[in-house]
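K.L.:
So that we are looking at the same thing, I have put the structure below in structure tokens.
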Amino acid sequence: MTPSEAAAGASEPRLITETGIERRVADIIEPVLVPMGYRLVRVRLLALNGTTLQIMAEREDGSMTVEDCEAVSMAISPVLDVDDPIDKAYHLEVSSPGMDRPMVRKSDFVRWTGHVLKCETSVLVGGRKRFRGTIVSTDEDGFTLDRDQPAPGEDARIIIPYSALAEGKLILTDDLIRDALAADKKAKAAREAANENFEDENEDGPLD
């Protein structure tokens, strides 16, 4: 991925964003994540272990290792301590989106076309707000689902505008597991190749 491609990916807005304290947290940490090459996926404040602040993030290529999670945690902890958006003690948890990931950007729908999605809309679309089906195509304005179990008289395929999307999540299937593992393997190989090139370019030359 070139620097321009990385910048474009980092600047792609999320379709689904937080409100309240979670939005405040997102506004604080996103400017830290982007220069590091990560994208914010989701912020959740949960009643787990007392209070848990859950941050989902990923690299531009969609991968996220344990080392990445540690790096993000170390980077955002100081800024959260300074801004102090949460007025009580909490546990910080940084994780990857997982295979059955939330779908928050248009590029997520493009990347995972052909896989099964469960989603909810903020307004009625074709008389419904909840859908489950396979993403068969996307465009700038929305995505098309091939529904699992349309009701009698309903079209099997429906176009859902991005502007109507309230929540979306991939459904774990054998095909998704296979493709997600393959994507992670490809991303890892690309990073290793990039690191090798960087090291080769920065090796010390012969001493005078």
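The values are calculated or read from the model by the stated rules, or taken from the named source; none is laboratory data. Not measured: the values here are computed from a predicted model. Positions of Cβ are backbone-derived with ideal geometry, glycine not excepted, and every protein chain shown enters the neighbour counts.
K.L.:
So which of GLY168, GLY205 is under 21 Å from ARG101 (Cβ atoms) and either out of contact with any Pro (no Cβ under 7 Å at 6 or more places or on another chain) or modelled with pLDDT of 95 or more (or both)?
P.N.:
GLY168
K.L.:
Failed condition for ASP87, given (1) of a type in the set (Asp, Glu); (2) in the same structural domain as THR51 (by TED's automatic domain parsing); (3) assigned to a helix (DSSP H, G or I), with all others met?
P.N.:
Single failed check for ASP87: (3).
K.L.:
Does the range 61-75 contain any residue that is touching a Ser or Thr at 6+ places or on another chain (Cβ under 9 Å), over 27 Å from LEU165 (Cβ atoms) and either in a strand (DSSP E or B) or of a type in the set (Lys, Arg) (or both)?
P.N.:
The answer is no, given that none of the residues of the range 61-75 is touching a Ser or Thr at 6+ places or on another chain (Cβ under 9 Å), over 27 Å from LEU165 (Cβ atoms) and either in a strand (DSSP E or B) or of a type in the set (Lys, Arg) (or both).
K.L.:
Filter the range 90-149 for residues that are farther than 29 Å from LEU46 by Cα, among the polar types (S, T, N, Q) and at pLDDT 95 or above and give the result.
P.N.:
THR113, THR134, SER137, THR138, THR144
K.L.:
Within the range 72-85, does at least one residue satisfy the condition of being farther than 30 Å from ARG132 by Cβ, touching a residue at least 12 places away in the same chain (Cβ under 8 Å) and among the polar types (S, T, N, Q)?
P.N.:
Among the residues of the range 72-85, at least one is farther than 30 Å from ARG132 by Cβ, touching a residue at least 12 places away in the same chain (Cβ under 8 Å) and among the polar types (S, T, N, Q), which makes the answer yes.
K.L.:
If you check LEU176, LEU145, LEU181, which single one turns out to be of a type in the set (A, V, I, L, M), closer than 25 Å to GLY98 by Cβ and not in a helix (DSSP H, G or I)?
P.N.:
After ruling out the rest, the residue left standing is LEU145.
K.L.:
For the range 5-49, what are the residues that are hydrophobic (A, V, I, L, M, F, W, C), modelled with pLDDT under 95 and part of a helix (DSSP H, G or I)?
P.N.:
If the condition is that a residue be hydrophobic (A, V, I, L, M, F, W, C), modelled with pLDDT under 95 and part of a helix (DSSP H, G or I), then ALA6, ALA7, ALA8, ALA10 are the ones that fit.
K.L.:
Okay, moving on. Assess whether GLY114 counts as being closer than 29 Å to ALA182 by Cα, exposed (fewer than 14 other Cβ atoms within 10 Å of the Cβ), in the same structural domain as ASP175 (by TED's automatic domain parsing) and of a type outside the set (A, V, I, L, M).
P.N.:
yes
K.L.:
So, in the range 80-105, exactly how many residues are within 13 Å of LEU53 (Cβ to Cβ), surrounded by 15 or more Cβ atoms within 10 Å (Cβ to Cβ) and not small (Gly, Ala, Ser)?
P.N.:
Of the residues in that region, 6 qualify.
K.L.:
Can you pull out the residues in the range 36-77 that are of a type in the set (A, V, I, L, M), surrounded by fewer than 20 Cβ atoms within 10 Å (Cβ to Cβ) and closer than 22 Å to GLU12 by Cβ?
P.N.:
Hits for the range 36-77 are MET36, ALA71, ALA75.
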